[in-house]
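Only one structure is covered here, and it is reproduced in the block below.
The values are calculated or read from the model by the stated rules, or taken from the named source; none is laboratory data. These figures come from a predicted structure and were not determined experimentally. Note that each Cβ is placed from the backbone with ideal geometry, even for glycine, and that neighbours are counted across all protein chains shown.
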Amino acid sequence: MKHWKQIATPALAIVLFIAFWEFIVWVNQWPNYKMASPSDLIPAYAKYWNLFLIYGWQTLWRTVVGLLVAVVFGTLIGMIMGFSRTMRDALYPLLVGFNAIPKATVVPVLALILIGHHDLNTVLIAFMISFFPISVAVSIGLSTLEPEYRDILRALGASKWTIFWKIALPKTLPEFFGALKVAVTLAFIGTNLMEIVEPHGKGLGHLFDSGKINADYPLMFAVLIALAFLGILLYYIVVGLEKIFAGWAERPQS
Amino acid sequence: MTNLIDIKGVIHAYQTENGPLPVLDDLNISVPEGDFCAVVGPSGCGKSTLTRLIAGLMKPDQGEVWLHGEKVTSPRATVGMAFQNPVLLEWRTILQNVLLPLEIVPNKMTKAQKEERGRELLTLVGLEGFEDKRPSELSGGMRQRASLCRSIVHKPDVLIMDEPFGALDAFTREDLWQTMHRLREEEPFTGVLITHDLRESVYLADEVVVLSGRPATTQHVENVKLGGRTDLEVIYTTEATDILHRLRHQIEIAQGRAKSEEAA
């Protein structure tokens, strides 16, 4: 009963949203170049389903790889900043500055530096845009570890590595997953930025672009919805991982 | 007779922005094997620093700390620690929390033996049936019981406790005092108990050391002899009340509110 409700509630919300969307387009009698309605999207998917699969996969795998790099690199930077006060002071302004640069401006630069390496470029942008929250979360998680937690193991002669592995790392996991949920959506933005700003014939961004060129407005909306679908998919994979690795942090609802 | 814990002429200062802040000044404490020593003193007099020194987590600027006839220079596995905050790991069950030290301290116990040991201790403190619960499912008193089990699971020679019952309500605290006596009967260890509660110190300890205000030095040592009684009523006997009075007076001296007889 509980599981059934967990799926039914968000499903109902989505159905209501689609109905509302259809209704608002119908009431206003908007043409599809102004706002396509959900019923306009079905023919678009039916016509280009194979392209959605191919391009969707390209977007998905490049986002996931970018995200994985962000997890490794972000955790590493977060660890360095979490353990060393000096490194934290040194790296924070650099990181904030880097994060403040609009990634849309980095796209052409990167495309020039690594000219022709489209997959690498796309992965890099996805990584760059998404590692920041992970670094911050890990560094805050580690640096706010209460000294008593360290002392219970240190007093027994445990090594720094043991303390990290047995206490600091698991204690940081809830913050880490919180940041990863933000990073997932950011990584999609990164991938699509590269696909749209520097078109190279790959990914859903390219499909969006061709919809624009051919004035196929329902196709453009269909791409947006496909992106939203991939985002939700990846988000819930992260939620699943969080349940497995940091489920203990979830308090039973009273 | 050698003492298990010997603190000899320890001087320590913290470096702050306004220069060194002396916290311990010529501190001397000796605890014979098997004894329980309570350390009381005004707030901020360096009691917690003392626990970290005994545990080998810090080195004193001057003076020496000896455990079991060996000079303490670094942490050692023969020490157990308990704090006011039970610091249980939320992602582990109660039993897994209790067994944590056995994952660090070298030992030849099998997994089954470790679990048996953990369960035994949990039963001893009245946590039977809570082995597989998460810390968040337990009350404050229960968590502190589990924390105590963890601090002695590896059979340490020395148990260092830094106000372990400070955050508990009065009745829970009394329950835990009795648990402490039960633990000491079953699991002999030498203990240092830092506390603010004079009744607690008299009820639990064999000797009570009163520290002076900062920088702390050994101001007074009170031997507590209550005839081996461990029932709570013993706190209200004349012997105990007399000791409490003397300790109260010493604390007032430490706080600078009363003059010591020697000085007067």
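Laid out as a table, the results:
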quantity	calculated
Matching residues in the stretch B:15-55 - criterion: being part of a strand (DSSP E or B), in contact (Cβ under 8 Å) with a residue 24 or more places away in the chain and hydroxyl-bearing (Ser, Thr, Tyr)	B:30
Complete set of residues in the stretch A:158-204 that are surrounded by 19 or more Cβ atoms within 10 Å (Cβ to Cβ), small (Gly, Ala, Ser) and more than 19 Å from residue A:55 (Cβ to Cβ)	A:158, A:168, A:179, A:183
Failed item in (1) crowded, with 18+ Cβ neighbours inside 10 Å; (2) not in a strand (DSSP E or B), with residue B:58 passing the rest	(1)
Those helices (runs of 4 or more DSSP H) lying entirely in the stretch A:111-177 with at least 3 residues among the β-branched types (Val, Ile, Thr) and within 16 Å of residue A:193 (Cβ to Cβ)	A:118-143
Cross-chain or 6+ apart pairs with Cβ under 7 Å, the stretch B:96-122 first and closer than 19 Å to residue A:155 by Cβ, then among the basic types (Lys, Arg)	B:97/B:150; B:98/B:150; B:99/B:114; B:100/B:150; B:101/B:150; B:102/B:114
Number of positions in the stretch B:27-55 that are buried (at least 23 other Cβ atoms within 10 Å of the Cβ), within 14 Å of chain A (Cβ to nearest Cβ) and small (Gly, Ala, Ser)	1
Where residue B:173 falls short, out of the listed (1) charged (D, E, K, R); (2) in a loop (DSSP other than H, G, I, E, B); (3) away from every other protein chain (no Cβ under 11 Å)	(2)
The stretch A:130-152, subset crowded, with 24+ Cβ neighbours inside 10 Å and of a type in the set (A, V, I, L, M, F, W, C), residue farthest from the other protein chains (Cβ to nearest Cβ)	A:131
All positions within the stretch A:194-242 that are in contact with an Asp or Glu (Cβ under 8 Å, 6 or more places away or on another chain) and of a type in the set (Lys, Arg)	A:202
Scope the stretch B:103-112; condition in contact with a helix residue (DSSP H, G or I) (Cβ under 9 Å, 6 or more places away or on another chain) and either more than 14 Å from chain A (Cβ to nearest Cβ) or in a helix (DSSP H, G or I) (or both); matching residues	B:103, B:104, B:109
Extreme residue, farthest from the other protein chains (Cβ to nearest Cβ), among residues of the stretch B:61-90 that are within 17 Å of residue A:154 (Cβ to Cβ) and of a type in the set (S, T, N, Q)	B:73
The stretch B:145-155, subset of a type outside the set (Gly, Ala, Ser) and under 13 Å from the mean Cα position of the chain (by Cα), residue surrounded by the fewest Cβ atoms within 10 Å (Cβ to Cβ)	B:152
Search result, residues across the stretch B:190-217 that are at pLDDT below 85 and either part of a strand (DSSP E or B) or of a type in the set (Val, Ile, Thr) (or both)	B:216, B:217
Residue within the stretch A:215-231 that is touching a helix residue (DSSP H, G or I) at 6+ places or on another chain (Cβ under 6 Å) and either at pLDDT below 90 or not assigned by TED's automatic domain parsing to the domain that holds residue A:92 (or both) present	no
Lone qualifier among A:174, A:199, A:170 - being within 30 Å of residue B:159 (Cβ to Cβ) and either in the same structural domain as residue A:128 (by TED's automatic domain parsing) or not aromatic (Phe, Trp, Tyr) (or both)	A:170
Of all residues in the stretch B:156-184 being β-branched (Val, Ile, Thr) and over 16 Å from residue A:148 (Cα atoms), the one that is surrounded by the fewest Cβ atoms within 10 Å (Cβ to Cβ)	B:172
